[in-house]
1. Within a Cβ distance under 13 Å of residue 267, other residues only, what is the Lys/Arg minus Asp/Glu net charge?
2. Can you list the residues, at least 5 places off or on another chain, whose amide H is less than 5 Å from the amide H of residue 59, using H built in the peptide plane?
3. Hey, rough spin-label estimate for residue 213 and residue 412, points 7 angstrom out along Cα→Cβ, what's it come to in nanometres?
4. Just for the range 295-410, what percent of DSSP beta bridges are antiparallel, to the closest 5?
5. Report the gain in length on full extension from residue 333 to residue 384: 0.36 nm times residue separation, minus Cα-Cα distance, nm rounded to one decimal.
6. So what J values fall out for the range 247-259 if you push phi through Karplus, 6.51 cos²θ - 1.76 cosθ + 1.60 with θ = phi - 60°, rounded to Hz, Gly and Pro as x?
7. Quick query: amide H of residue 395 versus all other amide H atoms, modeled in the peptide plane; which residues come in under 5 Å with a sequence gap of 5 or more or a different chain?
8. If R0 is 30 Å, what FRET efficiency do you get for residue 20 and residue 287 from their C-beta distance, rounded to 0.05?
Amino acid sequence: MPLRAKVASSVSRTAAALSRAAGRGDGSVIGGWIGLKIDPDLLAHLSAGRAIALVSGTNGKTTTTRLTTAAVGVLGRVATNSFGANMPTGHTSALAKAGSTPYAVLEVDEHYLAQVLESTEPHVVALLNLSRDQLDRAKEVAMMAQLWRAALVRHPDIRVVANADDPMVVWAATPPADPAQGHIPPHVTWFSAGQRWHDDSWVCPECGSTIQRSGEQWWCTGCPLRRPAPQWTVEDDGVLDPTGAWHKVQLQLPGKVNLGNAATALAVAAEFGVRPVDAVSRLGAVTSVAGRYAQVDRDGRNIRLLLAKNPASWLEAFDMADVAPTLLSINARDPDGLDTSWLFDVDFAPLRGRQVLITGDRAYDLAVRLDVNGVPFQHVRSFDEAIRAVPPGRLEVIANYTAFQDIRAELDRVN
Ligand SMILES: [Zn+2]
């Protein structure tokens with residue numbers, strides 16, 4: 001590395017360590033920020049010579065990054081931004097403290113994917129899904145897909161691992177080849193991770209016609225865009241690889257969604273030459289991811305934490321949760337997005353028949369939504385009140401970002 005980059009990297013590590021020592025979180029954002037101020041090309045310098053995988057999408061990227069890191073770990077130590085700092089400051093910090101490890105798996109905020117592709121020149125990029133997110137901040141889904149597509153056109157040498165079940169992702173991953181411009185289509189490996197949420201992909205991003213679905217197939221009624229045949233699929237409680245071999249996957253994370261994330265992780269690791277048969281047992285060692293899926297026992301209740309931050313992830317959370325008493329908590333602070341009207345995008349009907357409790361700054365918004373949806377509920381003012389209101393046994397907690405962090409803090413920052 002050039003001297004400037006070495007100095008920047010060292011200062012970045014020191015700043016992160018000081019921030020940690022001062023009890024201000026893990027320091028990865030401030031460390032990366034200072035490093036990039038000293039050398040704006042620091043991320044590129046730190047990436048040089050490493051084989052890097054980027055993982056991006058609206059939902060599931062933190063979990064998939066963790067599973068992929070575990071899978072690629074077959075090869076040795078892997079650098080990763082495990083605290084969810086998924087912008088260039090976080091990537092810089094993760095690589096600055098990683099030393100000389102030749103592998104990195106980085107979670108990337110979907111808005112920053114083009115920029116991070118440019119800086120890190122990854123070996124492979126995994127594209128998970130695109131759906132509506134915080135209404136006051138996130139880009140429109142079609143605009144996001146367009147940005148991804150334009151970025152991939154500029155990097156035809158990067159291998160792409162993409163979700164065949166999401167029309168927006170498929171369109172983004174298959175830019176038209178233009179030989180006159182020297183463009184060749186990217187090499188894409190398709191996986192099937194399912195798509196529970198269809199409401200952002202009824203309209204074809206290519207031609208504007210409707211997209212039709214039948215079973216797991218989908219196709220555009222006006223142009224050739226359709227579901228590609230996936231090479232990696234979930235079957236029963238395992239994953240089928242491209243050779244047709246089936247691998248039983250024993251995860252400690254709940255739901256079919258996470259089996260899809262496991263298939264993705266194995267597909268990405270295979271791009272590094274890792275055989276699924278060697279990687280699959282490592283996936284079972286992942287117990288929780290920054291508090292998500294963590295289980296805590298208190299007063300005879302087994303409390304499980306599920307994070308849900310946008311309509312698609314609420315649907316997934318209902319699917320992951322057991323049919324058991326369920327506490328829903330909603331805030332609308334800055335990291336959550338201030339607009340809660342998305343609650344009306346989510347069908348809460350799957351909760352009918354469960355004991356439902358609500359809390360959080362915006363519990364009353366939730367109350368209106370549940371009432372319209374015909375789901376009976378009880379309002380509680382605190383987490384302790386919620387625990388007292390349910391019988392011993394499982395209590396599922398589904399919360400959006402800051403509500404999740406509040407409850408996690410009450411449970412002594414479970415990981
Ligand atoms: Zn079309």
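The values are calculated or read from the model by the stated rules, or taken from the named source; none is laboratory data. Computed from a predicted model, the values in this text were never measured in an experiment. Cβ coordinates were reconstructed from backbone atoms using ideal geometry, including for glycine residues, and neighbour counts include every protein chain displayed. Accessible surface is based on the protein model in full, side chains and every heavy atom, while ligands, DNA and RNA are left aside. Shrake-Rupley method; radii C 1.70, N 1.55, O 1.52, S 1.80 Å.
1. Details: positive: 159, 275; negative: 241, 271.
Net charge around residue 267: 0.
2. Amide H to amide H, under 5 Å and 5 or more residues apart or across chains, residue 59 pairs with 129.
3. Simple spin-label model gives 4.3 nm for this pair.
4. Working: 4 of 21 bridges.
Of the beta bridges lying entirely in the range 295-410, close to 20 percent run antiparallel.
5. On the way: separation 51, 0.36 × 51 = 18.36 nm, distance 2.20 nm.
That works out to 16.2 nm of additional length.
6. Karplus-based 3J(HN,Hα) across the range 247-259 equals 10, 5, 10, 9, 9, 9, 9, x, x, 5, 4, 6, 5 Hz.
7. 302, 303, 304
8. Details: r = 23 Å, r/R0 = 0.76.
Computed FRET efficiency for residue 20 and residue 287: 0.85.
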